[in-house]
Each structure stands twice: as C-alpha cells, then as structure tokens.
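Colleague: The structure under discussion is supplied below as structure tokens; questions concerning it will follow.
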Amino acid sequence: MAKTNWGILSTANIGRKAMIPALKASKLADIRAVASRDLDNARQFADELQIEHAYGSYQELLEDDEINAIYIPLPNHLHKEWSIRAARAGKHVLCEKPLALTAEDCEEMKATADAHGVLLMESFMYRHHPRILAAREMVKTGKIGELKIINAGFTFWLADENDIRNQPEMGGGAVMDVGCYCINISRLMAGREPQVVQARAEWAFSGVDDKLVGMLDFGGGLMAHFDCGFNMESRQECIIAGTDGYLSLPRTFTPGLEETMIEEQKGKKSLLTHRFDGVDEYRLIAEDFMRSIPTGKPPYDANDAAANLRVIQACLQSARQNGSPVVIKTALN
Ligand SMILES: NC(=O)c1ccc[n+]([C@@H]2O[C@H](COP(=O)([O-])OP(=O)(O)OC[C@H]3O[C@@H](n4cnc5c(N)ncnc54)[C@H](OP(=O)(O)O)[C@@H]3O)[C@@H](O)[C@H]2O)c1
C-alpha cells in the first residue's frame, strides 16, 4: 500500500504529544508538512518534530500537491471551515473531536467530502483500541446478558481560563471536550441512538459547562448515565451492565501505552480479568483511516459524528432548561 502523505494543520498540543509521534511510528504514513498561523512558529515546530516543510498559513499547506491527507487539531469552532477547505482541495481529512459544533454542520461537511471523493472521519482514537473492540463484541454476543445500564465518566482539572476549552465561542465546555467520549461509548455499546436525553450542569463564569451530568434513554429498558467536568480530579471510567454481569473498563479513553484490562463480573464470586497489551491508539486510528482510503469508506463516517453531536446538543439544551427531557429526532426515532 502506498504511504499516505500527511499535512498537519496547526501546532496544537495534541498533535505534538500524540498524533505526530503516532504517524511517525507508522509504516503507512509520512508527515510532509505542518502549518501554523505564524511561519516562525511552524518552522520551530517542524524542526523540533523533524517535519520537512513548514507553512505560515493553513491554506498554503492545503495547496501542497504532495499532501493527500490532513490532520486537523484546531479549536472546535474551526473544524468545519478547515475540513471543508481541505475536502475542496482534494485531501482526506482526519479531524479532532468533536467533528463540528452541530450535527447539521457535520452533515454539510460530509456532503462536501462526498462530493470531492475524500474521506472525513472524527478522531475518536479510543474506539480503535483492541480492548474497546473486545468489549463491544462481548456486549454484542450476550456475555453480560441483556444490556441495561452504561455508566461513563471523564473529568480532569482545567485551571487555565485562556484554554480553548474555556471559550464558549470556540465550542468549549466539558460535554464538548470530554463528555463527548462518554456519549460516544454509550452509543457504541448500545449499538443504537438514544431517544430522550436529560442533563444538569454547573456553569463556569465564561458560560461553558464546567460539569455536566447526563442521562440517555435508549428505549427498550436500556439507559446510560454519564458525567464530565473540568473541576475535579482526573477520572476516566466506564461500566457496562447487563442482566447477567458487567464489564468495567478502567482508564477507558486514554489508557496510554500500558497494559489495559476488562474486568468481567459474573455472579457474586466470579471476576475475570481480560488483559490487553499496551498499544498506541493514535497510531491505530491513523492506520485504520489510511487503510480505508482505497475503499472510500472510513471506519466511522461523519453521520456517526453527527449522531454524537445531536446527543451533545440535546444534553446542553436540557441542562439549560434545568434538566427537562429533550427528545432526539432522528430518522429512526
Ligand atoms: N483525541 C484526543 O485525544 C484529543 C486530546 C486533546 C485535544 N483534542 C482535540 O484537539 C483539538 C485541539 O486541542 P489542543 O488542546 O491540542 O489545542 P491547542 O494546543 O490549544 O492547539 C490549538 C491550535 O489551533 C491553532 N489555532 C488556530 N486558531 C486559533 C485560535 N483562535 N485560538 C487558539 N488556537 C488557534 C493554534 O495553532 P497555530 O498557532 O500553530 O496556528 C493552536 O496551537 C480540539 O478539537 C480538542 O478537542 C483531542
């Protein structure tokens, strides 16, 4: 398979810390260039990370004919504009989560990508980890009986008032930043979309949700509840419970390169621990994406991102209405 030539839009932290090292470690990828709003910044970043070319604007990078895929780790409010621009330039797009600010925007982005024959995928790396795939399979094959409850949490301390996550106009807030993972894993394990959502939030001075607790009713006796926040100790967890047992996934979303596990509880005494070797989930998502380029079908398309955003938006709407139920309108519900 021909290598994919990547361009990186911005000098974002997540690129520096996670995605660029992952692409460098992959035999399927080459990183050709990085762009920043500031050329000196781009050059310094390129030197530090040993990337050949540096551009002083995102548009210049999109005009580089040698590049065929773009990684977008921009603030959330810029995902739509630059995904669309990249698609129009004929580049495949792996864009950070959440894919956009609204479900409608995701649909527009997908239509543009489809029209230009390029892939567009949201970078939820956690679901490419073998542990998550195994948990999904265990749920699907009835290992824990009938699925009843999914309970997910993702919190950390965010002290910096200037961080993009604390800016409402940039699509900040706890549910956009980390609650999106809890919603995503709930939908993934449920295998269907929630019908009704309720949420309560604690609001920061800036106007973003500092903490949000949500309940998703999938119908048929399956519910999920989750919490996310910027004003607590770091915590990531997910418990998936059924009529015959439950699965627990410690450090659910970013297990790092350490060995991970699924704890499977059945009956009062039986606790099974399924162990998984440490692996770089950022490399896995990038490679799954690159392998799907010749097929034209990404592992998750932008309709999935739209469905996730529909739930995020419903949670925020409910929280603004002090927890009143919000019905999610999809073709299926
Ligand atoms: N999947 C994951 O594990 C994960 C983890 C963390 C974050 N993320 C996602 O990745 C994205 C970036 O997060 P981050 O924490 O890495 O962000 P960050 O370090 O703040 O970087 C964002 C970059 O965007 C560029 N930018 C363009 N316009 C900007 C503006 N008006 N204000 C600030 N920056 C601007 C800047 O690059 P230049 O100055 O070089 O142009 C900046 O370095 C977000 O969508 C976030 O949700 C994903």
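The values are calculated or read from the model by the stated rules, or taken from the named source; none is laboratory data. This structure is a prediction, so every number in the text was calculated from the model and none was measured. Reconstructed Cβ throughout: ideal geometry from the backbone, glycine too, with neighbour counts over all protein chains shown. When the accessible area is computed, the model is the full protein with side chains, heavy atoms only, and any ligands, DNA or RNA have been set aside. Shrake-Rupley method; radii C 1.70, N 1.55, O 1.52, S 1.80 Å.
Colleague: Would you point out which residue out of I164, I84 is open to solvent by 40 Å² or more (accessible area, probe 1.4 Å) and either touching a residue at least 24 places away in the same chain (Cβ under 8 Å) or touching a strand residue (DSSP E or B) at 6+ places or on another chain (Cβ under 6 Å) (or both)? Walk me through it before giving the result.
Modeller: Details: I84 fails: open to solvent by 40 Å² or more (accessible area, probe 1.4 Å).
That would be I164, the only listed residue that is open to solvent by 40 Å² or more (accessible area, probe 1.4 Å) and either touching a residue at least 24 places away in the same chain (Cβ under 8 Å) or touching a strand residue (DSSP E or B) at 6+ places or on another chain (Cβ under 6 Å) (or both).
Colleague: So which residues in the range 59-84 are in contact with a helix residue (DSSP H, G or I) (Cβ under 9 Å, 6 or more places away or on another chain) and away from the ligand (no atom under 13 Å from the Cβ)?
Modeller: Passing the criteria: L62, I67, A69, I70, I84.
Colleague: Identify the residue in the range 18-44 that is out of contact with any helix residue (DSSP H, G or I) (no Cβ under 7 Å at 6 or more places or on another chain) and within 8 Å of the ligand (Cβ to nearest atom) and, among all such residues, is most open to solvent (accessible area, probe 1.4 Å).
Modeller: Within the range 18-44, the first condition is being out of contact with any helix residue (DSSP H, G or I) (no Cβ under 7 Å at 6 or more places or on another chain), and the residues that meet it are 21, 24, 27, 30, 32, 37-44.
Still in the list and also within 8 Å of the ligand (Cβ to nearest atom): 37-38, 41-42.
Values: R37: 204, D38: 74, N41: 60, A42: 0 Å².
Result: R37.
Colleague: I'm trying to understand the selection: among the residues of the range 150-166, which are within 15 Å of the chain's Cα centre (by Cα) and near the ligand (Cβ under 10 Å from one of its atoms)?
Modeller: Across the range 150-166, the qualifying residue is only R165.
Colleague: Which one of these does E169 not meet: (1) more than 16 Å from the ligand (Cβ to nearest atom); (2) open to solvent by 10 Å² or more (accessible area, probe 1.4 Å); (3) within 16 Å of Q313 (Cα to Cα)?
Modeller: Exception for E169: condition (1).
Colleague: Could you pull out the residue among G90, G7 that is more than 10 Å from the ligand (Cβ to nearest atom) and either on the phi > 0 side of the Ramachandran plot or at pLDDT below 95 (or both)?
Modeller: G90
Colleague: Separate question: Can you tell me which residue in the range 210-264 is surrounded by the most Cβ atoms within 10 Å (Cβ to Cβ), limited to those that are polar (S, T, N, Q) and in a strand (DSSP E or B)?
Modeller: T260
Colleague: Quick test of your reading of the structure: L147 fulfils all but one of (1) open to solvent by 20 Å² or more (accessible area, probe 1.4 Å); (2) within 20 Å of the chain's Cα centre (by Cα); (3) under 25 Å from P250 (Cα atoms). Name the failing condition by number.
Modeller: Every listed condition holds for L147 apart from (2).
Colleague: Looking at the range 96-114, can you tell me whether even one residue there is more than 30 Å from G179 (Cβ to Cβ), open to solvent by 70 Å² or more (accessible area, probe 1.4 Å) and either within 9 Å of the ligand (Cβ to nearest atom) or at pLDDT 95 or above (or both)? So that I can check it myself, show each step before the final result.
Modeller: Of all residues in the range 96-114, those more than 30 Å from G179 (Cβ to Cβ) come to none.
Within the range 96-114 (the criterion being more than 30 Å from G179 (Cβ to Cβ), open to solvent by 70 Å² or more (accessible area, probe 1.4 Å) and either within 9 Å of the ligand (Cβ to nearest atom) or at pLDDT 95 or above (or both)), the answer is no, since none of the residues qualifies.
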